Amino acid sequence: MKLLEHEAKDLFSEYGIPTPRRRLVSSSEQAQKAAADLEGAVAVKAQVLVGGRGKAGGILFADSPAEAAQIAGKLLKMRIKGISVQNLLVEERVEIKKELYLGLTVDRSNRTYVAIASSEGGMEIEDVAASMPEKIVKVFVDPMYGFHPYHARQIAKRLGYVGRQMLSLATIFVNLYRMAMDYDAELTEINPLVETPEGKFIAADARLTIDDSALYRHAKLKERALQADEGDWLPREMQARKSGLAYVKLEGDVGIIGNGAGLVMATLDAIQLHGGSPANFLDVGGGASADRMAAALDIVFSDPGVKAVFINILGGITRCDEVARGILDVKRQMGFVKPMVIRLVGTNEEEGRRILTDAGIPVLDSMEQAAQRVVEIIKCEG
Ligand code: GDP
Ligand code: MN
């Protein structure tokens with residue numbers, strides 16, 4: 001789950017990371033009042049989850065409340081990379097001496113976190129890495145050992161700071177790490193972290209992505225994640241989330257439903273191997289009930305890109321007869337709107353097959369065969 005800038009900045013504030021004074025608004029009248037409250041020049045920033053928002057015109061500056069109202073009106077009519085702007089952050093405009101970058105993310109292949117810092121903030125860190133790799137400071141952080149003040153001081157020194165500035169920069173980094181751990185962040189970035197002419201540091205932007213699998217530990221965020229939000233998730237992804245299904249939309253035309261992330265990944269591979277292309281990842285999870293199966297089929301059927309569906313169930317905790325009943329329910333309620341290939345093995349497999357074959361639905365027992373079959377069906381239809 002990606003947090004919007006204002007949400008991330010509120011968390012930054014809780015963790016003692018300096019941020020500009022600000023107000024969240026959704027009309028030009030509110031923007032005018034906010035600018036008057038804040039006094040002086042302001043930045044008005046569209047709250048949308050797109051990269052390069054500034055370059056796309058989503059950030060404008062105003063010198064007076066009247067001007068803030070005017071540019072707010074303009075921003076609220078905009079669509080930025082296809083996303084309509086609902087909310088704006090009106091912030092005191094910070095003076096910039098230098099823009100830095102601070103970030104923390106997961107290095108999966110290394111099985112550690114990696115703290116990244118650069119004296120070249122303001123631009124995408126990938127671009128800095130490509131054009132000026134020497135400007136990037138990287139420290140790998142073993143999560144069991146943690147990120148300690150000396151790591152942070154080392155980074156601040158390598159960015160060229162000494163004394164009081166070095167210490168305040170290090171404190172920001174330690175707090176960022178603390179927040180990232182508490183919130184199960186996959187990624188957190190301050191870009192730019194502004195150094196002001198007075199030598200203070202302030203987070204002018206804030207990015208925070210929470211590991212979706214950890215959302216159960218963050219009740220408030222989970223609730224927010226379930227509110228439909230344009231640009232955040234596709235409607236089908238929202239539906240999956242509400243039904244507790246793990247769903248990821250892909251580019252192909254074979255709808256996939258399986259139980260267990262590993263099995264679903266293997267199913268995607270099997271489809272590719274036989275020359276097909278999966279339309280999605282969908283894991284109904286362990287103990288898939290008839291209800292969950294129905295919800296899963298509903299999601300996959302409603303994808304206009306899906307030409308045929310492959311259901312791959314390996315019964316363990318999941319009982320094949322339950323799955324079969326779920327499939328029959330769907331057939332009764334909405335019919336099979338797309339061709340389906342089913343592979344069903346494991347707990348109560350005989351009964352599951354009997355239920356389906358009695359209803360005229362063929363069941364295969366090899367994943368290879370089933371993958372081949374579904375790809376053939378699509379080629380014939382195609
Ligand atoms: P992004 O485009 O979504 O990454 O938006 P940012 O919040 O990072 O802003 C992009 C750029 O706008 C920054 O790198 C700054 O150069 C500039 N900017 C943003 N906020 C301020 C501000 O308060 N004062 C000044 N002077 N520049 C700002
Ligand atoms: Mn930024």
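Could you tell me which residue of the stretch 69-81 is nearest to ligand 2 (Cβ to nearest atom), considering only residues that are part of a helix (DSSP H, G or I) and of a type outside the set (Val, Ile, Thr)? Walk me through it before giving the result.
Our first condition is that a residue be part of a helix (DSSP H, G or I); within the stretch 69-81, this holds for 69-76.
Checking which are of a type outside the set (Val, Ile, Thr) leaves us with 69-70, 72-76.
On the way: Ala69: 25, Gln70: 24, Ala72: 20, Gly73: 24, Lys74: 20, Leu75: 16, Leu76: 21 Å.
Among them, the one singled out is Leu75.
Just name the residue that is nearest to ligand 2 (Cβ to nearest atom) out of those in the stretch 154-200 that are of a type in the set (Asp, Glu) and in a strand (DSSP E or B).
At the first step, the residues of the stretch 154-200 found to be of a type in the set (Asp, Glu) are 182, 184, 186, 189, 195, 198.
Checking the rest, the ones that are also in a strand (DSSP E or B) come to 186, 189, 195.
Working: Glu186: 17, Glu189: 8, Glu195: 15 Å.
Going through the qualifying residues, I end up with Glu189.
For the stretch 44-54, state whether one or more residues are within 12 Å of ligand 2 (Cβ to nearest atom) and either modelled with pLDDT of 95 or more or in contact with a helix residue (DSSP H, G or I) (Cβ under 8 Å, 6 or more places away or on another chain) (or both).
Checking the stretch 44-54: at least one residue is within 12 Å of ligand 2 (Cβ to nearest atom) and either modelled with pLDDT of 95 or more or in contact with a helix residue (DSSP H, G or I) (Cβ under 8 Å, 6 or more places away or on another chain) (or both).
Only residues that are farther than 30 Å from Ile71 by Cα and either surrounded by 17 or more Cβ atoms within 10 Å (Cβ to Cβ) or outside the structural domain of Ile210 (by TED's automatic domain parsing) (or both): list them for the stretch 107-135, please.
Tyr113, Ala115, Ile116, Ala117, Ser118, Ser119, Val128
In the stretch 144-153, what count of residues is obtained for those that are within 15 Å of Asn175 (Cα to Cα) and part of a loop (DSSP other than H, G, I, E, B)?
From the stretch 144-153, those within 15 Å of Asn175 (Cα to Cα) are 146-153; that's our starting set.
Then keep just the ones that are part of a loop (DSSP other than H, G, I, E, B); that gives 146-148.
Of the residues in that region, 3 qualify.
Scan the stretch 91-106 and give yes if some residue there is surrounded by fewer than 19 Cβ atoms within 10 Å (Cβ to Cβ), among the aliphatic types (A, V, I, L, M) and in a strand (DSSP E or B), otherwise no.
Yes, the conditions are met somewhere in the stretch 91-106.
Could you check Leu328 against (1) assigned to a helix (DSSP H, G or I); (2) among the hydrophobic types (A, V, I, L, M, F, W, C); (3) crowded, with 20+ Cβ neighbours inside 10 Å and say which number it fails?
Among (1) assigned to a helix (DSSP H, G or I); (2) among the hydrophobic types (A, V, I, L, M, F, W, C); (3) crowded, with 20+ Cβ neighbours inside 10 Å, Leu328 violates only (3).
What pairs come up if the first residue lies in the stretch 235-248 and is farther than 12 Å from Ala261 by Cβ, the second is in a loop (DSSP other than H, G, I, E, B) and of a type in the set (A, V, I, L, M), and their beta carbons are under 8 Å apart, counting only those six or more places apart or on different chains?
The qualifying pairs are Pro235/Ala228; Met238/Ala228.
Quick test of your reading of the structure: Val300 fulfils all but one of (1) in contact (Cβ under 8 Å) with a residue 24 or more places away in the chain; (2) over 28 Å from Cys380 (Cα atoms); (3) touching a strand residue (DSSP E or B) at 6+ places or on another chain (Cβ under 7 Å). Name the failing condition by number.
Failed condition: (2).
The values are calculated or read from the model by the stated rules, or taken from the named source; none is laboratory data. Only a predicted model underlies this, so the values are computations on that prediction, with no experimental measurement involved. Neighbour counts run over all protein chains shown; Cβ positions are idealised from the backbone, glycine included.
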